[in-house]
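The values are calculated or read from the model by the stated rules, or taken from the named source; none is laboratory data. Because the structure is predicted, anything quoted here is derived from the model rather than measured. Glycine gets a Cβ as well: all are built from the backbone with ideal geometry, and neighbour counts include every protein chain shown.
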Amino acid sequence: MAVNFSLKSREDLQKARSESKAQMVADDCRILICAGTGCLAGGSQEICDRFTELSKDVKNVSVEFGKEIAHVGVKKSGCHGFCEMGPLVRIEPMNILYIKVKPEDCQEIFEKTILRGEPVERLVYEIDGVKYEAQEDIPFYAKQTRLVLKNCGHIDAEHISEYLAVGGYSAIEKALFDMKPDEVVDVVEEANLRGRGGGGFQTGYKWRQVARQPEKIRYVVCNGDEGDPGAFMDRSIMEGDPHKMIEGMMLAAYATGAQEGYIYVRAEYPLAISRLKTAIAQAEEMQLLGDHILGTDFSFKLHINRGAGAFVCGEGSALTASIEGERGMPRTKPPRTVEQGLFGKPTVLNNVETYANVPMIVENGAAWFKSIGTEGSPGTKAFALTGSVNNTGLIEVPMGTTLREVIYDIGGGVKGGGAFKAVQIGGPSGGCLVDADLDIQLDFDSLKKRGAMIGSGGLVVMDENSCMVEVARFFMNFTQNESCGKCVPCREGTMRMLEILERMVIGEGKEEDLDMLEELGHAITDTALCGLGKSAALPVLSTLANFRDEYIAHINRKCPAGSCEKLRSYVIDADACKGCSKCARNCPVEAIDGVIKEPYQINQEKCIKCGACVDTCPFGAIHIAS
Amino acid sequence: MDFITIDSRCVPLEGEKNLLSVIRKAGIDLPTFCYHSELSIYGACRMCVVEDERGRVFASCSEQPRPGMVIKTNTIKLQNYRKLIMELLLSSHCRDCTTCHKNGICTLQSLAYKLGVDAVRFTNNKEEQPLDFSSPSIVRDPNKCILCGDCVRTCAEVQGVGALDFAFRGSKMQVMPAFNKDINDTECVGCGQCRVVCPTAAITIKKDEDRVWEALNDPNTRVVAQIAPAVRIAVGDSFGIPKGENSMGKLVSALRRIGFDKVFDTSFGADLTVYEESAELVERLTKNENLPLFTSCCPGWVKFSDYKFPELKENISSCRSPQGMFSAVLKDYFKDDEKKTFVVSIMPCTAKKGEALRPENHTDGVQDTDAVITTAEAARMIRKAAIKFEELDEEAVDMPFGIASGGGVIFGVTGGVTEAVLRKICYDKDNNLSELSRIEFSGVRGLDSVKETSIMLGDREVKIAIVHGLGVASQLIEEMKAGKRHYDFVEVMACRRGCVMGGGQPVPAGPKTKKARVKGLYKVDTGSQVRTSNENPMVEVIYRDIIKGREHELLHTRH
């Protein structure tokens, strides 16, 4: 159902939209196979192929992947968010969600659900004895407010007509024909949309500054260089609903008088890049991008730039330097990006999620947007929920939702019923929140007060098996590797901190190391050049503040979580040991001794803590000493 | 007038572009590694951090001064931060100060002392990197690099060369040529400006002193020195002589004490250059070919043009540089001697080391300049010989090359070559020196990056441009190629201000030193009895008795 005509007026666009909608409704049945990166890795491409194959054999049901179909549409959708349960298959109009689907399940799904309208019970989500056929009823979804992610998983991300069918490009239509550029800035400013990339800077204010510059050549840049470990909100939007973000960029360009836009995407997101390329090509073909869009004076061209995998290129000035072909290093400010950004011209720089919010705001108004979320942080926020939580995945909640709701109601609680210990929020730039923080609201200001930050929205849940010193070491290692190396505190300071933490996790920490970590941490925070450096020490300072006893335990050569390999000691339970000698034979360093049929012992001096004995013991007699 | 408050004192704002300049104006010498007023703001060393009323800490180099600001520069917090940053720099820096070339003149060392760093609480775990000895001009020692980026920006922004840049991230970051090639395999022109700004010994002058010592100690070798103009006003820096003061007489004396058999003045070579180059200009103007004529005395520029503007080959003067001409003449003059002659030129310049090696500067396949040592190396030799330089009596250079004009001396400053050539041309025209001060004020002097002037030759207006700094030169040439500018004669000096700030001069050299050196050289000229090469009686003698019509062989690079 590709729409092959170019849109030259408002009426053309409206016509295309209604035709697309009619086309979508005409599908009696739609099979939406999640083609997010997670589900693709889980084998969703093969599932898609199976369904396509199956559809072929059925009379009167012609299924051709990506082309016009008669009745059943097999679609590759964007990420549904419920990644823990992938690969996911959604059947419309019944709204059934099948989880953990395997290629061999396709036949049954097709025969039962598609042809006979019956659900396949064993593939629906079940929790606490309740089976949930409909996706919307599953607690994971029911507790969310999916606005930015609304279309993700529900439309085919590779066809512009699907976006048009759900009302796409109506915000830019409204802006171009019913609003002056200033009015678009007004509504975004009035909505108090704050940057979703981490800083929480007011988007409207930023746009207004760009709009005020005397220089007339201006740029709109989208930061899709989502680099936080474990974060994939922006990737999911780019993969699942690329047009929404493109429309947001168009609105920014119209509002600020920019003529060209750049999307900077990490090279590690090949699928996002390909979907964006497709989306841009289709929008260009329909003349939604290019010169005189919809017959107006507004022209806008969009380019994609692939990042080369540097975390620091998420920083504004490093990002623009990278697009310009320079080494991705932040520069001193002023001049700010709004004055002299890309190619030295005034530049609007926002991240993917921020742009994706804009069409909704323009369409529904500032008051609507402010009715969601908190006063200081209106709207929703997407989070990547990962770690020791039952339902990992991509979620979207109103700002101000408590951590408890996110972890327990949506996330389904701590995995394996363990005790909640902490949540690391904001990635390598963020801090950790603990038990006592479970009821704080997730919004820009509340988190800042707690020494953490929303960052781009990574939430890593940790239980009692997570060692906080190791967590700090992990993030410090990340930051040190990703530091551009320009300013001394970040380049050398994080290295010195990392060296200390590396010593700590192998039990070679010293009492004075804690003071040194704090001294370095505060100095780096205060003196580093850019945001990456200024926040580099946060994971350490925050864990040090909340879990100082754990650091002290490491100095005393103990890891309370039992996770630091070098600090573990393995012991053989004399009562459980049958003296079979299997462990001794498998020990690579001959650290286990004993007499057959009598309990064996581990020589702690020799032991290299590899854990091989634990796996080989047929009686489960070997464990980590507490 | 607007004011800001710095450490409780009111300081007026007088159009300073950054807060650091205001703070320094107020008499507080905040330490920096990466701030140079002639380079872009880099903001990496973080030594210049200050604190505002709200306790916010920020670097002053990159902050715009705003009226009413209240700034503290010296709180305990700031002192601790600076000290810690210094400690961090030292934590990954080679700490063998006693055996370092920069011992005593190292900014890192002196700031560590100033900030009271009494211990480095971290061990240096940095992997040792090999040194790069490939260039005849400079040596790179990555182990001593503190990554301030001064060399990178100087090379790219001032010189338009860009032979150095950053590679790798985090603590693995390094400054290196692209693909870690040897610096000699890049477009490096050897100007040594990177070494001038380097606060440590990460980039130093390639040492040629040892070869000179050997020659001096060989009884069968006659060692002859020629001293470039800009050396005399800088060599004293190393011995506590006021900046910019002419120490030529002391230097001559010191070199004789070290064992040089003859000591001459390269300004004499410059007088020969004026003869040759003005003749070349007049000839080209007459024939109206290969114009504009570009000067060739600066080896950094000549090498730069090789890479960047090979199409200008025929436009560049065929004259050897003063060093090249003089060495050829000296070698020829002493050729009948029983002893072997070893010509040492003492230069403010690292690129001259490369020039001496270029075949077009050889006569009959023999290298004329045997060793080039820089001002800094000469000072080190004198120090090594334990000579009390500052107490020496002044001595005159040797005959028969003992007289040089003031015009020859000002070759060492931007515009000097042009001024000397104009003096010659005007003198030739009407045989008097009344034009001297008119030329002086015609636009040849001063520090504008591009200076323009013109003279009338017959009924032709000869348009002249003077440019210093290769980056600006490059822009100028592009504009000329685009037809936006037109000249007949272009003087190019690779280094800003000319040879007085050459890559081989003593460091550190701040704004006051730079100014004093320029002034010092003009003072030598003003004090000279002979101002133009025409008046130098020895030039005629040398043409008659030594060169004897072999100008092309001895004084030019191509025929």
Inset, instruction - Among the candidates A:Glu512, A:Glu508, A:Glu470, single out the residue that is more than 8 Å from chain B (Cβ to nearest Cβ), more than 22 Å from B:Asn80 (Cα to Cα) and not in a loop (DSSP other than H, G, I, E, B). - result: A:Glu470
Inset, instruction - Output the number of residues of region B:516-559 satisfying the condition of being assigned to a helix (DSSP H, G or I) and of a type in the set (Lys, Arg). - result: 4
Inset, instruction - Select, from A:Leu529, A:Leu517, the only residue that is modelled with pLDDT of 95 or more, under 20 Å from B:Ser91 (Cα atoms), outside any helix (DSSP H, G or I) and touching a helix residue (DSSP H, G or I) at 6+ places or on another chain (Cβ under 9 Å). - result: A:Leu529
Inset, instruction - Scan (1) farther than 21 Å from B:Glu419 by Cα; (2) part of a helix (DSSP H, G or I) for the single condition B:Val472 breaks and write down its number. - result: (1)
Legend entry - Pick from region B:17-47, criterion of a type in the set (D, E, K, R) and over 19 Å from B:Cys148 (Cβ atoms), ranking: farthest from the other protein chains (Cβ to nearest Cβ): B:Lys25
Legend entry - Criterion (away from chain B (no Cβ under 14 Å) and either over 23 Å from A:Arg208 (Cα atoms) or out of contact with any Gly (no Cβ under 8 Å at 6 or more places or on another chain) (or both)) met by exactly one of A:Leu319, A:Leu302, A:Leu289: A:Leu289
Inset, instruction - Take region A:480-493 and flag every residue that is within 16 Å of A:Leu538 (Cα to Cα), at the interface with chain B (Cβ under 7 Å from one of its Cβ atoms), under 28 Å from the mean Cα position of the chain (by Cα) and crowded, with 24+ Cβ neighbours inside 10 Å. - result: A:Gln480, A:Ser483, A:Arg491
Inset, instruction - Please work out which residue is nearest to A:Gln144 (Cα to Cα), limiting yourself to region A:439-456 and to residues that are at pLDDT 85 or above and in a loop (DSSP other than H, G, I, E, B). - result: A:Leu442
Inset, instruction - Determine whether A:Ser446 is within 11 Å of chain B (Cβ to nearest Cβ), of a type in the set (Gly, Ala, Ser) and under 23 Å from the mean Cα position of the chain (by Cα). - result: no
Inset, instruction - Output yes when any residue across region B:284-293 is surrounded by 24 or more Cβ atoms within 10 Å (Cβ to Cβ) and closer than 21 Å to B:Cys426 by Cα, and no when none is. - result: yes
Inset, instruction - Could you check, for region A:327-344, whether at least one of its residues is within 22 Å of A:Asp228 (Cα to Cα) and under 22 Å from the mean Cα position of the chain (by Cα)? - result: no
Inset, instruction - Could you check A:Ala279 against (1) in a loop (DSSP other than H, G, I, E, B); (2) surrounded by 24 or more Cβ atoms within 10 Å (Cβ to Cβ) and say which number it fails? - result: (1)
Inset, instruction - Might you check whether a residue that is touching a Lys or Arg at 6+ places or on another chain (Cβ under 9 Å), surrounded by fewer than 22 Cβ atoms within 10 Å (Cβ to Cβ) and of a type in the set (Lys, Arg) occurs anywhere in region B:233-253? - result: yes
Inset, instruction - Give the number of residues within region B:130-162 that are within 14 Å of another protein chain (Cβ to nearest Cβ) and closer than 23 Å to B:Glu38 by Cβ. - result: 11
Legend entry - Count of residues meeting criterion [outside any strand (DSSP E or B) and under 24 Å from A:Arg146 (Cβ atoms)] in region A:200-224: 3
Legend entry - Positions within region A:200-221 being within 19 Å of A:Thr380 (Cβ to Cβ) and touching a residue at least 60 places away in the same chain (Cβ under 8 Å), in sequence order: A:Gly200, A:Thr203
Inset, instruction - Quickly run through region A:532-564 and pick out the residues that are of a type in the set (S, T, N, Q) and assigned to a loop (DSSP other than H, G, I, E, B). - result: A:Asn556, A:Ser563
Inset, instruction - Tell me, please, whether a residue that is under 30 Å from A:Asp225 (Cα atoms) and either away from every other protein chain (no Cβ under 14 Å) or buried (at least 21 other Cβ atoms within 10 Å of the Cβ) (or both) can be found in region A:550-562. - result: no
Legend entry - Unmet requirement for A:Cys152, which otherwise passes all of (1) surrounded by 24 or more Cβ atoms within 10 Å (Cβ to Cβ); (2) in a helix (DSSP H, G or I): (2)
Inset, instruction - State the number of residues belonging to region B:333-378 that are under 19 Å from B:Gln193 (Cβ atoms), touching a residue at least 60 places away in the same chain (Cβ under 8 Å) and part of a helix (DSSP H, G or I). - result: 7
Legend entry - When residues of region B:78-119 are limited to those that are surrounded by fewer than 17 Cβ atoms within 10 Å (Cβ to Cβ) and over 24 Å from B:Val197 (Cα atoms), the one nearest to the other protein chains (Cβ to nearest Cβ): B:Asn80
Inset, instruction - Could you check, for region B:394-415, whether at least one of its residues is touching a Gly at 6+ places or on another chain (Cβ under 9 Å) and within 20 Å of B:Asp210 (Cα to Cα)? - result: no
Inset, instruction - Give me the pairs, please: first residue somewhere in region B:60-77 and farther than 14 Å from B:Asn18 by Cα, second residue anywhere and of a type in the set (Val, Ile, Thr), beta-carbon distance under 7 Å, and either six or more positions apart or on two chains. - result: B:Gly68/B:Ile4; B:Val70/B:Thr5; B:Lys72/B:Val50; B:Thr73/B:Ile6; B:Thr73/B:Ile23; B:Thr73/B:Ile28; B:Thr73/B:Val50
Inset, instruction - Filter region A:286-296 down to the residues that are surrounded by fewer than 17 Cβ atoms within 10 Å (Cβ to Cβ) and either touching a Leu at 6+ places or on another chain (Cβ under 9 Å) or touching a residue at least 40 places away in the same chain (Cβ under 8 Å) (or both), then identify the one that is farthest from A:Ala252 (Cα to Cα). - result: A:Gly295
Inset, instruction - Quick one: which residue in A:Lys100, A:Lys112 is assigned to a loop (DSSP other than H, G, I, E, B), over 17 Å from A:Ile237 (Cα atoms) and not acidic (Asp, Glu)? - result: A:Lys100
Legend entry - Test: B:Glu14 is among the acidic types (Asp, Glu), within 13 Å of another protein chain (Cβ to nearest Cβ), in a loop (DSSP other than H, G, I, E, B) and under 35 Å from the mean Cα position of the chain (by Cα): no
Inset, instruction - Mind counting the residues in region B:48-77 that are in a loop (DSSP other than H, G, I, E, B), at the interface with another protein chain (Cβ under 8 Å from one of its Cβ atoms) and in contact with a helix residue (DSSP H, G or I) (Cβ under 6 Å, 6 or more places away or on another chain)? - result: 1
Inset, instruction - State which residue is farthest from A:Ala171 (Cα to Cα) when the search covers only region A:237-281 and only residues that are touching a Cys at 6+ places or on another chain (Cβ under 8 Å) and among the aromatic types (Phe, Trp, Tyr). - result: A:Tyr264
Inset, instruction - Among the helices (runs of 4 or more DSSP H) lying completely within region B:391-443, list those that include at least 3 residues that are small (Gly, Ala, Ser) and under 30 Å from B:Phe260 (Cβ atoms). - result: B:406-409
